[in-house]
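Colleague: Below is a structure I'd like to ask you about.
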Amino acid sequence: MYLIVGLGNPGEKYIKSRHNVGFIVLRSIIGDDWTSEKREKSLISHATILGQELCYVMPQTFMNNSGLAVKVLQNKFGVSPENIIVIHDDIDLPFGTWKIHYSRGAGGHNGVQSVIDQIGTNEFVRVKVGIAPSDSDGKAMKPKPGIFQSQKSAVAKYVLKDFSKGDQEKIKAMSKDIESAIETLIKDGREKAMSRYN
């Protein structure tokens, strides 16, 4: 079995925010077929691909406690860390890009850090979806702080803003490629998936 975990914050307030791109990607792949599991602290959807059972997960614990839900489901289904795929926003990648990584640090992402802390390892797959603005060369730019604002505060404010309608459509289109990458991960392994899509 594989756990395909999208990170985000629950509730209508955050549904279109950049920080919720993990949720947005999973909704684009699955649609509205989700079951609320209170004990598992998650919205869950099941599927089978290439003979493998997949459990798609949107933790309802809020971003900073995402690992609590992942740990419960990991224990419930006996999933090895290598079969956990976490989809999340990345402020260091320009919007419109995404990358697959394995066994990396959290990079300052509190949701990813929560997963690492709870399952006790960073040896899982991450699909990092870029949300940063880009310069004329297409390179990511950190949001600029205001006069009385720190860089950290500027980033926090930026990630909680909603995607525009146009950007939401781009995420939906990108989600098809991410879905294909997940199939490649399952069929051919992470090395081939990283080689093909990164």
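Colleague: When only residues in segment 134-159 that are under 19 Å from the mean Cα position of the chain (by Cα) and surrounded by 15 or more Cβ atoms within 10 Å (Cβ to Cβ) count, which is nearest to Ile24 (Cα to Cα)?
Modeller: The selected residue is Val159.
Colleague: I would also like to ask the following. Touching a residue at least 40 places away in the same chain (Cβ under 8 Å), of a type in the set (A, V, I, L, M), closer than 26 Å to Glu183 by Cα and not in a helix (DSSP H, G or I): does that describe Val115? Lay out the reasoning, then the answer.
Modeller: Details: touching a residue at least 40 places away in the same chain (Cβ under 8 Å): yes; of a type in the set (A, V, I, L, M): yes; closer than 26 Å to Glu183 by Cα: yes; not in a helix (DSSP H, G or I): no.
So Val115 does not fit the description; no.
Colleague: Please verify whether segment 162-177 includes one or more residues that are outside any helix (DSSP H, G or I) and surrounded by 12 or more Cβ atoms within 10 Å (Cβ to Cβ).
Modeller: Filtering segment 162-177 for residues outside any helix (DSSP H, G or I) gives 162-164.
Filter once more, keeping what is surrounded by 12 or more Cβ atoms within 10 Å (Cβ to Cβ): 162-163.
Yes, some residue in segment 162-177 is outside any helix (DSSP H, G or I) and surrounded by 12 or more Cβ atoms within 10 Å (Cβ to Cβ).
Colleague: How many residues are within 20 Å of Arg196 (Cβ to Cβ) and open to solvent by less than 30 Å² (accessible area, probe 1.4 Å) when one looks only at segment 102-133?
Modeller: The total comes to 6.
Colleague: Would you check which residues across segment 118-153 are part of a helix (DSSP H, G or I) and more than 19 Å from Val70 (Cβ to Cβ) and list them?
Modeller: Filtering segment 118-153 down to residues part of a helix (DSSP H, G or I) leaves 118-119, 151-153.
Of everything in segment 118-153, those that are part of a helix (DSSP H, G or I) and more than 19 Å from Val70 (Cβ to Cβ) turn out to be Gln151, Lys152, Ser153.
Colleague: Given the conditions (1) within 19 Å of Arg190 (Cα to Cα); (2) touching an Asp or Glu at 6+ places or on another chain (Cβ under 6 Å), which single one is not true for Val72?
Modeller: Answer for Val72: the failing condition is (1).
Colleague: Of everything in segment 1-27, what is open to solvent by less than 40 Å² (accessible area, probe 1.4 Å) and more than 13 Å from Asp89 (Cα to Cα)? Give them in sequence order.
Modeller: Within segment 1-27, Tyr2, Leu3, Ile4, Pro10 qualify.
Colleague: Take the residues in segment 28-64 that are part of a strand (DSSP E or B), free of Cβ contacts under 8 Å to residues at least 40 places away in the same chain and not small (Gly, Ala, Ser), then tell me which one is surrounded by the most Cβ atoms within 10 Å (Cβ to Cβ).
Modeller: Initially, segment 28-64 is screened for residues part of a strand (DSSP E or B), giving 35-37, 42-49, 52-59.
Now drop any that are not free of Cβ contacts under 8 Å to residues at least 40 places away in the same chain, which leaves 35-37, 42-48.
From the residues that got through so far, the ones that are not small (Gly, Ala, Ser) too are 35, 37, 43-44, 46, 48.
Details: Thr35: 10, Glu37: 16, Leu43: 21, Ile44: 18, His46: 12, Thr48: 8.
Only one residue tops the list, namely Leu43.
The values are calculated or read from the model by the stated rules, or taken from the named source; none is laboratory data. In this text, all values refer to a predicted model and were calculated from it rather than measured experimentally. Glycine gets a Cβ as well: all are built from the backbone with ideal geometry, and neighbour counts include every protein chain shown. Heads up: the accessible areas ignore ligands, DNA and RNA and are worked out on the full protein's heavy atoms, side chains in. Shrake-Rupley method; radii C 1.70, N 1.55, O 1.52, S 1.80 Å.
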